[in-house]
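Before any comments, here is the structure.
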Amino acid sequence: MKRLGVLLVATLLSLGALPVGAQEGGGAFQNRTNLPPPTEVTAKDTPFDGGSNITVTWQPAEGAIGYRIERAPEGGDFEAVEAVGADETSFEDGDVQNGVPYRYRVMALGEAGEESGSGVIFGVVSRPQWFNGDLFGVAIAVLLFASVVVWYIQRARRGEELFIRRIAGLEAVDEAVGRATEMGKSVLYIPGTGQISEMGTVASLNILGEIAKKTAEYGTPINVPNRDPVVYTVAREVVKGAYTAAGRPDAFQPDSVHFVVQNALAYAAAVNGIMVREKPATNFLMGPFHAESLILAETGASTGAIQIAGTDQVPQLPFFIVACDYTLMGEELYAASAYLSREPLMLGALKGEDAGKLVFLLFLVVGTLLSVLFGIDAGWILSTG
Amino acid sequence: MRDKLPLALLIILGLFGLTDRFLPHPIAEGFNQYLRDTLLRIISAFALILGLGNLILRHTKKIQKKEEHWQHSWVLLLSFLVASIIGVFGGVNGELWFPTQVGSFHFDITTIYNKVLIPLGATMFSLLAFFMASAAYRAFRARNWLAVLLLGSAFLVMLGQVPLGARIWSGIPEISQWIMEVPNTAAKRGIELGITLGILATLLKILAGIERSWLGSGR
């Protein structure tokens, strides 16, 4: 509302009090009042952005009730770009063309309608940048983390034995598939309700590959209903590949991996139907889930199936914890395929991930101590601008 | 070659995805946008054809072999056929040549969506309330001290959200708020940090060609 008022005042001033004595070429404009102009005015290309943006800054003028930012192309007349309140000291002009030089000035607006203009800033050009320097800290952190992971992969490549922490939910996978085999029932694998562009879905498909190898070895039928058609096509290839790798390509049933429906709740209804009618002995719920997570997990629990769930969707974790026998929490979902495959290189990457986490944890502890004990803000390390 | 070409494509395009946030230049942003919006949509459209083909074949086979609950497959196939005819030949709002109205009774795709699909979805969603009650019953049984802690904090949080809590003692809403903002947020952030690093490590494994399950090569 205040901004609207200032804008109205600025418009009236522009119409009624035309800039008597307005100067170009660096001279400050001032009408017949004592209102001082804004000082230390700068206009620069906004750093670390995709271009088409110029940042104007100034120091406040005493007695001003607002400011009007004016822009002009080379050789053109000044036009008001925006009017802002008295407490503002900067403005981002996002309506400029890259590579075109502009002139800027800032007008201080007085209570009685008077105005006082700053000197003109010449030749301001906006250009797009290739690297977002605001994320420099993040880029370094990513590189550091990647180096730690690569170092551990190299150690694994050299044949070093690496200790991997125990994950109860993944240790139970063999038992869960074995149970289905003993009972002569199927294994139901739900690869989440996300899309292929979500990393949780990719992690789930990697786990599916390992579990499908086990079902192929044990001769246990697997049922993989899919919500997303792209995930369906990939999941089908993954299961087929797993059966081939396990030496049982003949045992692969093309219908075992199937597309159901794209609507999430309709998908939940269809999968609930499979759970209730076919009563699989083991249910795996791995990947991104949303509101339907509890509907699926509770129905599975009611059928007496052993359930192992894992998701990277934090709000769904409590539902899985209460309704499933084992739950992979967050990053355990990403660790699962390495843990199950026991491939040295994958384990090396997993070990590197843990070490990287330790490094971040140390940063957090040091940053917290600096902040709590000495009042030093260490947030700039990972500043996102 | 079967593995190498997809892997090479993934490494090139994956690196673009990884550097997306770091490259604000319009050329880089435009390319990423093109990959996400245009290319993925084209792939999705083809995959949808494969998915629907699989759905129809699977249920046709069920009917042919008279497998268990084969009657359900008739419901699916007929619904699919009717909805497809209405949608393709009747248009979204019944604007095409196929009649989607008998007197005041409309059966165009928008009406079917609003009057059938949404209420059915809402019915499924409303089941959540009952599932929550049964899940909460199991979770809140005070079997050990951790469960007692969970029960106590859940009770306080719930009490703090309703006017009764403040009527009993004005401090209950504050305690409830504190539980949500401090220990709950701390735990959530810890898990989220792990997820972020897990995503990054998975991405590195895929880009380095260590993780190949998704290729269907069985490795």
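Values quoted throughout were computed directly from the atomic coordinates according to the rules given, and no laboratory measurement underlies them. Since this is a predicted model, take the numbers as computed values, not measurements. All Cβ positions, glycine included, derive from the backbone under ideal geometry; neighbour counts span all protein chains shown.
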Residues in region A:212-228 that a label on B:L57 would reach, taking backbone N under 19 Å of a point 7 Å out along Cα→Cβ:
A:222-228
With R₀ set to 22 angstrom, the calculated FRET efficiency between the beta-carbons of A:A168 and B:L146, to the nearest 0.05, is 0.90
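Count, for each residue of A:342-353, the Cβ atoms from other chains sitting within 10 Å of its Cβ, then give me the mean as a whole number.
Details: counts 0, 3, 1, 5, 4, 0, 2, 7, 3, 0, 3, 8.
For this peptide, the per-residue mean of nearby foreign Cβ atoms is 3.
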Here the FRET efficiency for B:Q177 versus A:S371, based on Cβ atoms and R0 = 30 Å and rounded to 0.05, is 0.85
Comparing A:A338, A:A72, A:A180 in a Gaussian network model of chain A (Cα, 10 Å), the one with the largest mean-square fluctuation is A:A72
What angle do you read, to the nearest 10 degrees and between 0 and 90, between the alpha-carbon axis of helix A:293-302 and the longest principal axis of chain A?
20
Convex hull volume per residue in cubic angstrom - Cα atoms of region A:20-130:
89
Gyration tensor verdict on chain B (Cα atoms; rounded if a/c is under 1.5, prolate if a/b is larger than b/c, oblate otherwise):
oblate
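For A:228-236, what's the mean count of beta carbons from other chains sitting within 10 Å of each residue's beta carbon? Please list the in-between numbers first.
Details: counts 4, 13, 9, 2, 6, 8, 5, 2, 3.
Averaged over the peptide's residues, the number is 6.
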Round to the nearest 0.05 the FRET efficiency obtained for B:V75 and A:D250 when R0 = 25 Å and r is the Cβ-Cβ distance.
0.15
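Quickly rank A:127-137, A:266-276 as a protection proxy: mean count of other C-beta atoms within 10 Å, highest first. Can you show the working numbers first?
Working: A:127-137: 16.0, A:266-276: 19.5.
The peptides rank, most packed first, as A:266-276, A:127-137.
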One can check that the equivalent ellipsoid of region A:146-282, built from the alpha-carbon gyration tensor with semi-axes equal to the square roots of five times its eigenvalues, has lengths in Å, largest first, of 28, 19, 15
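Given C-alpha coordinates of region A:237-342, what is the ratio Rg to Rh with the Kirkwood estimate of Rh?
Numbers: Rg = 14.6 Å, Rh = 14.9 Å.
Radius of gyration relative to Kirkwood radius: 0.98.
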Output field shielding_mean for A:198-211 (other chain Cβ, 10 Å radius) holds 4
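Considering every pair of different Cα atoms, what Kirkwood radius, in Å, is found for region A:126-197? Before the final figure, lay out each step's value.
Details: mean 1/r = 0.0564 Å⁻¹.
Roughly 17.7 Å, rounded to one decimal.
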Taking every Cα atom in the protein assembly as shown, find the radius of gyration and the maximum pairwise distance Dmax, and write them in Å.
30.8, 96
For region A:299-338 and region B:13-82, distance of Cα centres in Å:
25
Going from the alpha-carbon gyration tensor of region B:1-128, what semi-axes, largest first and in whole Å, does one get by taking the root of 5 times each eigenvalue?
39, 24, 16
